[in-house]
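As structure tokens, the structure follows; a few thoughts come after it.
The values are calculated or read from the model by the stated rules, or taken from the named source; none is laboratory data. No experiment lies behind these values; they were computed from the predicted model shown. All Cβ positions, even for glycine, are placed from backbone atoms using ideal geometry, and neighbour counts span all protein chains on display.
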Amino acid sequence: MPKTIKKIGVLTSGGDAPGMNAAVRSVVRTCAYHNVECVAVYRGYEGLMQGDFKPMTARSVKDIINRGGTILKSARSMEFRTVEGRKLAYQQVTKAGIDALVLIGGDGTFTGGMIFNQEFDFPVIGIPGTIDNDIFGTSHTLGFDTALNTVVEAIDKIRDTASSHNRLFFIEVMGRDAGHIALNVGVGAGAEEILIPEEDMGLDRLVESLRRSRQSGKTSSIVIVAEGDKIGKSVFELKDYVDENMEGYDVRVSVLGHMQRGGAPSCFDRVLASRMGVKAVESLLAGKTNYMVGLINNEMELTPLDSAIKGKSKINLELLRVSEIMAT
Ligand code: F6P
């Protein structure tokens, strides 16, 4: 018989992502709607172990739907990976009377939550929040859409100066070890080449493609490089290689870095977050645990956490082909 859920905790963990605050808002307000208490857990699993909690009401989450980052802060916790750390966390949630947790984060967050559930039979539901979009069981993770728009805007700005100076730019984008951001912004910003970890293009093909672009009359080029790309050279080494092996190129590098994680969430991410928060809370109230909420065929679906963690988000090969054709 699943236990009655009277108080739900919510935390954010891992790399922050635009839309996390909208998801926190939705969790808190869905609890209020169902007359269930809600508690904010600050600083992810670190705060869980330390009892860094704060009761939340529907009014506690006003004016945050449009804010990037996470008001609950985030942290990557090594101690929670230990049995002692998780025991501490269980003592804290028991003392606080918290019956279940909504975990907003990536696969590392879900792994910790799944183990916590297994050790203490404690209900957990995950909401996928990471700009990488590298989580199985959802077409979109929170923050992905916003990050795409942020990065495309940055690349458009770089293209202005690239075309003014007839330059080749290597632009590194985030994605830890997934090429979803690189592939989408590469197509969206009209890049000549896109280097992603899922498809090792190889240096020779890159050089050949750049030569073809030049022969077709292009005087400036943009090459998007996913930070997890496997071509074996960093963007700076790629610049050096072109400088040393290709005539007539004036090469520059731009590493976009953490600005890709900031900014006000897009409407898409705000709506997605609001839907996911409702689904997560109502799933817990229905006695469900160890699932991740995801967008599948535009519907809110549940995927077992174990599958979400072990699964691999697939790169859109049709988009890869589009990018090749657009580079003509
Ligand atoms: O997982 C999201 C992400 O932004 C990755 O794209 C990136 O590689 C990583 O986090 C950076 O981690 P940190 O913020 O700890 O430097």
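Structure notes:
- Tally, over the range 284-328, of residues that are touching a strand residue (DSSP E or B) at 6+ places or on another chain (Cβ under 7 Å), closer than 20 Å to GLY106 by Cα and at pLDDT below 95: 1
- Elements of type strands (runs of 3 or more DSSP E) in the range 1-59, at least 2 residues being under 24 Å from the mean Cα position of the chain (by Cα): 7-12, 37-41
- Answer from VAL251, VAL235, VAL225, VAL255 - the residue that is among the aliphatic types (A, V, I, L, M) and surrounded by fewer than 17 Cβ atoms within 10 Å (Cβ to Cβ): VAL255
- Some residue of the range 34-42 being over 24 Å from ASP269 (Cα atoms), modelled with pLDDT of 95 or more, assigned by TED's automatic domain parsing to the domain that holds GLN91 and within 16 Å of the ligand (Cβ to nearest atom): no
- Any hit, the range 57-76, residues being in contact with a Phe, Trp or Tyr (Cβ under 8 Å, 6 or more places away or on another chain) and either at pLDDT below 95 or among the acidic types (Asp, Glu) (or both): yes
- The listed residue being of a type in the set (Lys, Arg), in contact with an Asp or Glu (Cβ under 8 Å, 6 or more places away or on another chain) and more than 15 Å from the ligand (Cβ to nearest atom), out of ARG167, ARG159, ARG212: ARG167
- Residues being at positive phi and of a type outside the set (Lys, Arg) are entirely absent from the range 265-285.
- The range 123-139, residues that are within 16 Å of the ligand (Cβ to nearest atom), assigned to a loop (DSSP other than H, G, I, E, B) and under 17 Å from LYS310 (Cα atoms): THR130, ASP132, ASN133, ASP134, ILE135, PHE136, THR138
- When the range 225-271 is filtered for residues that are within 16 Å of the ligand (Cβ to nearest atom) and among the acidic types (Asp, Glu), the ones remaining, listed by number, are GLU227, ASP229, ASP269.
- Qualifying residues in the range 102-122 (those that are surrounded by fewer than 20 Cβ atoms within 10 Å (Cβ to Cβ) and touching a residue at least 60 places away in the same chain (Cβ under 8 Å)) - the one farthest from the ligand (Cβ to nearest atom): ASN117
- Any hit, the range 189-200, residues being under 22 Å from ASN166 (Cα atoms), in the same structural domain as LYS157 (by TED's automatic domain parsing), surrounded by fewer than 20 Cβ atoms within 10 Å (Cβ to Cβ) and not hydrophobic (A, V, I, L, M, F, W, C): yes
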